[in-house]
Amino acid sequence: MHVAIPLYPRFTALDAVGPYTVFGFVPGWRVTFVAAEPGPVTDDVGSLTLHAEAGYADLTRPDIVMVPGGPGTVAALGDRALVDWITEASRYTRWTTSVCSGSFLLGAAGLLAGRRATTHWGWLDRLATVGAVPVSERIVHDGDIVTAAGVSAGIDMALFLVGRAVDDRTAQAVQLAMEYDPQPPYRCGSPATAPDGLTATALSLIS
């Protein structure tokens, strides 16, 4: 399986690197970061740069496309090269996927019309504007489209895809190798469990 992860300015690093790490552990799988042109692309914090190995024209038929989100998504919606590449690549993929606000790019590519999909809780109510049926779940699988909620949900989605593409035991081995056993010190990973008044503060960190 060949996984393509497109990068654009101000993507959220964990959206891309979390799934990259999962996929990279699977024997025989290859992961390639792509962009309009090969070269460095800087994340939303501004201090982490990933190198895109290939341009869009170099990788037109990946098996999986995994689109990260981030504050740069709004500007990326106007990037025709990126959006058109997602549209075209999806014709050949087994799955076209996203993490967080990356789902809006799937929508801009015309892939979410009438499809169940999710995104970060802060933008879930806007997902219908790109044709999707918003669903408040951590992972939403609708045919060949798989979307994940905010940031850390990308790891869960990647493990889910490995389980589907290979088998449960391989996905479990990858999870164990990563020691992915979340035990956060606070129970506030969603608005439903967060203390009153914290959502505005949280959104201010990622807008």
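The values are calculated or read from the model by the stated rules, or taken from the named source; none is laboratory data. Just so you know, these numbers come straight off a predicted model, no measurement behind them. Heads up, the Cβs are rebuilt from the backbone with ideal geometry, glycines too, and the neighbour counts pull from every protein chain shown. Just the protein is used for accessible areas: all its heavy atoms, side chains included, with ligands, DNA and RNA removed. Shrake-Rupley method; radii C 1.70, N 1.55, O 1.52, S 1.80 Å.
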task = State whether one or more residues within the range 51-68 are surrounded by fewer than 17 Cβ atoms within 10 Å (Cβ to Cβ), within 24 Å of residue 203 (Cβ to Cβ) and more than 17 Å from the chain's Cα centre (by Cα).
result = no
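Being over 20 Å from the mean Cα position of the chain (by Cα), touching a residue at least 60 places away in the same chain (Cβ under 8 Å) and not in a loop (DSSP other than H, G, I, E, B) narrows it down to one residue among 170, 201; which is it? Write out each step before concluding.
On the way: 201 fails: touching a residue at least 60 places away in the same chain (Cβ under 8 Å).
Only one candidate qualifies: 170.
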message = Can you list residue pairs whose Cβ atoms sit under 8 Å apart, with the first residue in the range 16-39 being farther than 13 Å from residue 56 by Cβ and the second being open to solvent by 10 Å² or more (accessible area, probe 1.4 Å) and among the acidic types (Asp, Glu)? Count only pairs 6 or more apart in sequence or on different chains.
response = none
query = Can you tell me which residues in the range 174-205 are of a type in the set (Val, Ile, Thr), farther than 22 Å from residue 63 by Cβ and open to solvent by less than 70 Å² (accessible area, probe 1.4 Å)?
reply = 193, 199
message = Among the residues of the range 150-173, are any within 21 Å of residue 108 (Cα to Cα), among the β-branched types (Val, Ile, Thr) and open to solvent by less than 60 Å² (accessible area, probe 1.4 Å)?
response = yes
query = Can you name the number of the only condition in (1) farther than 23 Å from residue 93 by Cα; (2) open to solvent by less than 50 Å² (accessible area, probe 1.4 Å); (3) in contact with a Leu (Cβ under 6 Å, 6 or more places away or on another chain) that residue 132 fails?
reply = (1)
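Given the structure, is residue 176 farther than 18 Å from residue 17 by Cβ, within 15 Å of the chain's Cα centre (by Cα) and either hydroxyl-bearing (Ser, Thr, Tyr) or assigned to a helix (DSSP H, G or I) (or both)? It would help to see each step written out before you state the result.
On the way: farther than 18 Å from residue 17 by Cβ: yes; within 15 Å of the chain's Cα centre (by Cα): no; either hydroxyl-bearing (Ser, Thr, Tyr) or assigned to a helix (DSSP H, G or I) (or both): yes.
So residue 176 does not fit the description; no.
Which one is nearest to residue 84 (Cα to Cα) among residues in the range 101-117 that are among the small types (Gly, Ala, Ser) and open to solvent by less than 30 Å² (accessible area, probe 1.4 Å)? Break it down into steps so the answer makes sense when it comes.
So the first thing to find is which residues in the range 101-117 are among the small types (Gly, Ala, Ser), and the list is 101-103, 107-110, 113-114, 117.
Now restrict to residues that are open to solvent by less than 30 Å² (accessible area, probe 1.4 Å): 101-103, 107, 109, 117.
Working: 101: 17, 102: 14, 103: 15, 107: 12, 109: 7, 117: 20 Å.
Ranking the qualifying residues of the range 101-117, first place goes to 109.
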inquiry  = Go through (1) part of a loop (DSSP other than H, G, I, E, B); (2) among the polar types (S, T, N, Q); (3) closer than 25 Å to residue 129 by Cβ for residue 47 and report which single condition fails.
reply    = (3)
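Here is a list: 58, 44. Which entry is in contact with a helix residue (DSSP H, G or I) (Cβ under 8 Å, 6 or more places away or on another chain) and among the acidic types (Asp, Glu)? Before the answer, list the steps.
Numbers: 58 fails: in contact with a helix residue (DSSP H, G or I) (Cβ under 8 Å, 6 or more places away or on another chain).
Of 58, 44, the one residue that is in contact with a helix residue (DSSP H, G or I) (Cβ under 8 Å, 6 or more places away or on another chain) and among the acidic types (Asp, Glu) is 44.
This table checks each residue for (1) touching a Ser or Thr at 6+ places or on another chain (Cβ under 9 Å); (2) in a strand (DSSP E or B); (3) touching a residue at least 40 places away in the same chain (Cβ under 8 Å).
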{"residue": "82", "(1), (2), (3)": "no, no, yes"}
{"residue": "93", "(1), (2), (3)": "no, no, yes"}
{"residue": "96", "(1), (2), (3)": "yes, yes, yes"}
{"residue": "119", "(1), (2), (3)": "yes, no, yes"}
{"residue": "127", "(1), (2), (3)": "yes, no, no"}
key: Odd one out for residue 139 among (1) open to solvent by 40 Å² or more (accessible area, probe 1.4 Å); (2) under 19 Å from residue 95 (Cβ atoms); (3) more than 16 Å from the chain's Cα centre (by Cα)   = (3)
query = Restricting to the range 69-80, what's the tally of residues that are open to solvent by 10 Å² or more (accessible area, probe 1.4 Å) and part of a helix (DSSP H, G or I)?
reply = 3
